[in-house]
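Note sheet for the following structure.
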Amino acid sequence: MRYKMMNRDSESVIPSEGRLVIREIPRGLPHPDHISFFALEKRRRVYLEGEVDENCLQIQRLILRWNLEDAGIPAGERRPIWILIHSHGGDVSMMWGLIDAIETSVTPVYTVNMGMAGSAAGLIFMAGKNRLMMPRSRVLIHEGSCRMSGDAVKVLDASDSYRRAIKDMKEYIRERTGITQAMLTRQQSHDWELDAESCLKHGVCDKVIRSMDEILTVP
């Protein structure tokens, strides 16, 4: 395990054996992670990685900003926004918020599965106007999980809410793919993991990427 302590000018790393190592970052320059982020952002590429959580709000803000920049430009002439996804899922409300931002964006939003788009991240992936997958990436479809506690009335209310959420997600999958209700019913008792070719077959994605240029050289 590695622990990091950060300041403006250096990065201190304490490896598991306890030896302190300091990697100098020249004064006045941004951290390398920030350079990478801004280089992608300049080209309208943004990462959704880790959990689907409050990070989605930053992506929503970027979608809004780029729509403001594109105001007055016909939709077909706008530079697309690319969301590069590697996530096993997360919060359902954050998922729907980002999906709504993607679908209402006049500037087209493309989604790219960089390795895994699981559960909530899978539905975000499906929302893209153009949906691309790396050759060995996966989409995971399942009914999720939840924890309920409290008195009987609260537990029953939470249970009803959870069932509605599952129903809404299944409806969305049917709307955005070629997957039928019968197929979902057959798979509902376990996690259903689809590889890139299966996603192409079932209309979950539009294209399997064969070269990185397909997502980096497009304006």
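Residue count for region 204-213, restricted to those that are surrounded by fewer than 17 Cβ atoms within 10 Å (Cβ to Cβ) and in contact with a Lys or Arg (Cβ under 8 Å, 6 or more places away or on another chain): 2. Looking only at region 169-195, residues that are in contact with a helix residue (DSSP H, G or I) (Cβ under 8 Å, 6 or more places away or on another chain), in a helix (DSSP H, G or I) and surrounded by 13 or more Cβ atoms within 10 Å (Cβ to Cβ) come to 7 in all. Of the set (1) outside any loop (DSSP other than H, G, I, E, B); (2) at pLDDT below 95; (3) over 28 Å from H202 (Cα atoms), all apply to R61 but (2).
Condition (residue is within 26 Å of R44 (Cβ to Cβ) and either modelled with pLDDT under 85 or surrounded by fewer than 16 Cβ atoms within 10 Å (Cβ to Cβ) (or both)) applied to region 121-135: is it met by at least one residue? Scanning region 121-135, I find at least one residue that is within 26 Å of R44 (Cβ to Cβ) and either modelled with pLDDT under 85 or surrounded by fewer than 16 Cβ atoms within 10 Å (Cβ to Cβ) (or both), so the answer is yes. One residue stands out in region 64-97 among those that are assigned to a loop (DSSP other than H, G, I, E, B) and not small (G, A, S): the one that is farthest from T217 (Cα to Cα), namely D91. If the requirement is being modelled with pLDDT of 95 or more and of a type outside the set (S, T, N, Q), which of these qualifies: C199, C146? One residue alone meets the criteria, C199. Within region 196-219, work out how many residues are in a loop (DSSP other than H, G, I, E, B) and touching a Ser or Thr at 6+ places or on another chain (Cβ under 7 Å). Going through region 196-219 one residue at a time, the tally reaches 3. Going by what's in this entry, would E69 be described as out of contact with any helix residue (DSSP H, G or I) (no Cβ under 9 Å at 6 or more places or on another chain), without any contact (Cβ under 8 Å) to a residue 24 or more places away in the chain and among the acidic types (D, E)? When the stated conditions are applied, E69 passes them.
The values are calculated or read from the model by the stated rules, or taken from the named source; none is laboratory data. Small disclaimer: the values here were computed from a predicted structure and weren't measured. Positions of Cβ are generated from backbone atoms using ideal geometry, with glycine treated the same way; all protein chains shown enter the neighbour counts.
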